[in-house]
Each structure stands twice: as C-alpha cells, then as structure tokens.
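A.B. asks: One structure coming up, written as structure tokens, with questions to follow.
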Amino acid sequence: YTILSKVHSDRNVYPSAGVLFVHVLEREYFKGEFPPYPKPGEISNDPITFNTNLMGYPDRPGWLRYIQRTPYSDGVLYGSPTVENVGKPTIIEITAYNRRTFETARHNLIINIMSAEDFPLPYQAEFFIRNMNVEEMLASEVLGDFLGAVKNVWQPERLNAINITSALDRGGRVPLPINDMKEGVYVMVGADVPFSSCLREVENPQNQLRCSQEMEPVITCDKKFRTQFHIDWCKISLVDNTKQVSTFQEVIRGEGILPDGGEYKPPSDTLKSRDYYSDFLITLAVPSAIALVLFLILAYIMCCRREGVEKRNMQTPDIQLVHHSAIQKSTKELRDMSKNREIAWPLSTLPVFHPVTGEIVPPLHTDSYDNTSMPLMQTQQNLPHQTQIPQQQTAGQY
C-alpha cells in the first residue's frame, strides 16, 4: 500500500493519487559521490543534509513533505498526492550537502502521479499514535504492522494508508527530552467497508464522558494495538464519505495537505521608478532642521543671557557678601601658611595649662626650632611634666 524507492539519479516513480507515497534519501548512496577521508582505511561517516524543491521553485509541492532528524540519518520524502496532480510529472531537485567538505551533489526525482481506480475510499479513519515519531512510522515494516492490526480489527477487502502527519504539524508541542517521549503521529487509513463495532465503541456515551474527563475510554480491541502502538482513542476520527458527515467528531480534521495556491507569479519587470526625495526630506531633513533650531535656542540662553558678577552682587545681601569675603580671606591665609613653615606658629600651638599641676607648660621648642625634622608623634619619655603612675607592689613587700 506504500511506494518505497531508493535514490538514483533521475529516478522515475509512479505513486497513486490518494495513497501514501514514501521516498527514502539514503546517505550511503551519496557517500560514493563525495571524496573519501584523507587517510585510507578510515570509515567515512560524513554529515550529509538534503535540500528538496520543485524544479524552478524554492519549495516543494503542497502535498509533499520532507524530514531528516540529524545529518547522520536518512532523509524521507512523504505525502499523499492529490487528484489535481494526476498526469502532471513533478520533478523534485534533490541536493545533498557534505558538511565536512562543503561539496554538493544533485539528482532529480521525477514523480508521475497515477489515478487510483477505487479512490477515494468511502470510509476513512484517522488514528493518533502517541509512542511514535513520523520517521519511525514511515518505515515499511512499522507501517505494515500497523495496517495489519487495523485490518484484523476492521476486516476490509481493500485497505490503504492515505496520509501520515506529525503531531507538530497539527499544532502539537515538542515533547520534553525525558523518558524517550515521542511527539506523536496521525495516520489516516481508508477502507471499502463500514466501520467495525470495535471502532464505533468510541461513540458510546460512557466513552465520550471518559474522554471529556481526560480518562482512557474502554475499547475491546485496544489490546491488538497495545503491544506496539499506543493509540489515543479520544482523538480518533471516523469519516463516512457516503454521508459526508463525521460519525464521531463534528469538526473534521484536515489531512495535513496544503491547498494548491496555483503557480507563483513574480512581480512584473516593468515597475515604475519611485522618487525618494520626499522620503529623504521627511526622514532626515525635517529632524535635522528641528535639532538645529533647538541648538540655536539653547546657545542663546547659555551665552547671551548671562547676568554677570556685578548684577549678582547687587542682588545679594551685604551680610552674605561679608561672610563670603571673610571665608575667602581665611582660606587664603591658611594656604599662605602651608606654603611657608618658618612663620610664627598659630594660636592653637601656644602653651596650655598642665592637666595635673595647673602650671603653664612652655612650648615644646622655641620659634627657631627646625620643625621640618620634628616627628609627628613623640614618645611618653620625651614629654615634659609627665605624670608618673605608681606601680602596683607585690604582697610580700608589705
């Protein structure tokens, strides 16, 4: 039910409309087109990434997706071709980039979409598998196991995998990197017979109530999937195209296929030239003129409106001027004294009374004493009139 193919240059593939198409871009094939490692005998494991686009366009068709987790894993092209593309060959340019040597290799994939005889299948069911990523589900053996489990439950004559969509493309969030959590994947399958009683168990009021309470519904056939696939039965969608209504959900989810917006039409080359003079005036000239006017006003206030010292003194009280003059004179005297240390000592250094005897203590040195060599602090032995404190006698002397 899926079309798998390996990469070759200018390879032609023939998928059917409405049937899942998978194309694997194998890194082993492109390794032969890049030069080997400098040392002989080493195993080549160059990181290789792929870029895919429709020939002549920057992106792929709306129905075709591409995924590659790491540069050391294979890339996968997958999607479900639409009926509108039947009979139109689609050329996909595949460019491989070697991240070690920065070399490239290009191949073309020609997709010839064929019409399916019994498409669309009238009964379609979409399952949400929580423990799978999209690249894991695209593997042929995994997808085959899932279709086998669905066939045992549904018992149809014809069963096709219609589309596979990652939960991230449906608005899902990236899972936390703990306990090997998966992002989840939606798998849509179609059959030619009505839905089985097991699938319709989701419509029971009890199961709908459990789903509204975020509880697992009771499905009898869940054990046929549980060994390998963990299905969220609350998110299953059953669509009966014969009635054009959904048998379980009122809102039918899309198939994950982007609508075809037609061919890209670039703008015409005969565009009229645009005059940017007015934009220049508004952007640069007007702000510059305003800044210049403000600068002139500020310069006039700072330079031409100064009152002067005389006008300031006339408006200042006399007592304040006298205080200010006295402070200036005292400051000048102190500065002159600091310049010449040979002048008379200030009043603060004149003799004072002795704190014990009350006698007037003469100055420590005469006026002609060289004070430049005088120590800043003197020991107690050199101080005159020092009071001796009696020492404590021992008990044996009394």
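The values are calculated or read from the model by the stated rules, or taken from the named source; none is laboratory data. All values derive from a computational prediction rather than experimental measurement. As a convention, Cβ positions derive from the backbone with ideal geometry for all residues, glycine included, and neighbour counts pool all protein chains shown. Keep in mind that these areas ignore ligands, DNA and RNA; they rest on the heavy atoms of the full protein, side chains included. Shrake-Rupley method; radii C 1.70, N 1.55, O 1.52, S 1.80 Å.
A.B. asks: Report yes if Tyr97 is of a type outside the set (Val, Ile, Thr), closer than 15 Å to Val24 by Cβ and at pLDDT 90 or above, otherwise no.
C.D. replies: So Tyr97 fails the test.
A.B. asks: If you go through segment 132-163 one residue at a time, how many are open to solvent by 40 Å² or more (accessible area, probe 1.4 Å) and under 34 Å from the mean Cα position of the chain (by Cα)?
C.D. replies: 2
A.B. asks: Please work out which residue is least open to solvent (accessible area, probe 1.4 Å), limiting yourself to segment 63-89 and to residues that are aliphatic (A, V, I, L, M) and closer than 16 Å to Glu26 by Cα.
C.D. replies: Leu77
A.B. asks: Every residue in segment 180-199 that is open to solvent by 40 Å² or more (accessible area, probe 1.4 Å) and either at pLDDT 90 or above or farther than 17 Å from His230 by Cβ (or both), please.
C.D. replies: Residues satisfying the conditions are Pro194, Ser197.
A.B. asks: Criterion first (out of contact with any Ser or Thr (no Cβ under 7 Å at 6 or more places or on another chain) and in the same structural domain as Tyr66 (by the TED database)) does Phe102 satisfy it?
C.D. replies: yes
A.B. asks: Still on this structure: Out of segment 159-198, which residues are in contact with an Asp or Glu (Cβ under 6 Å, 6 or more places away or on another chain) and without any contact (Cβ under 8 Å) to a residue 12 or more places away in the chain?
C.D. replies: Selection gives Pro175 alone.
A.B. asks: Taking strands (runs of 3 or more DSSP E) that fall entirely within segment 90-131, which contain at least 2 residues that are surrounded by fewer than 20 Cβ atoms within 10 Å (Cβ to Cβ) and on the phi < 0 side of the Ramachandran plot?
C.D. replies: It comes to 90-98, 104-111.
A.B. asks: Is it the case that some residue within segment 184-192 is in a loop (DSSP other than H, G, I, E, B) and over 22 Å from Pro81 (Cβ atoms)?
C.D. replies: Yes, segment 184-192 has at least one match.
A.B. asks: Report yes if some residue within segment 120-138 is more than 30 Å from Ser197 (Cα to Cα) and of a type in the set (Asp, Glu); otherwise report no.
C.D. replies: Yes: segment 120-138 contains one or more residues that are more than 30 Å from Ser197 (Cα to Cα) and of a type in the set (Asp, Glu).
A.B. asks: Tell me which residues, restricted to segment 164-179, are of a type outside the set (A, V, I, L, M), at pLDDT 80 or above and open to solvent by 90 Å² or more (accessible area, probe 1.4 Å).
C.D. replies: The one that is of a type outside the set (A, V, I, L, M), at pLDDT 80 or above and open to solvent by 90 Å² or more (accessible area, probe 1.4 Å): Arg173.
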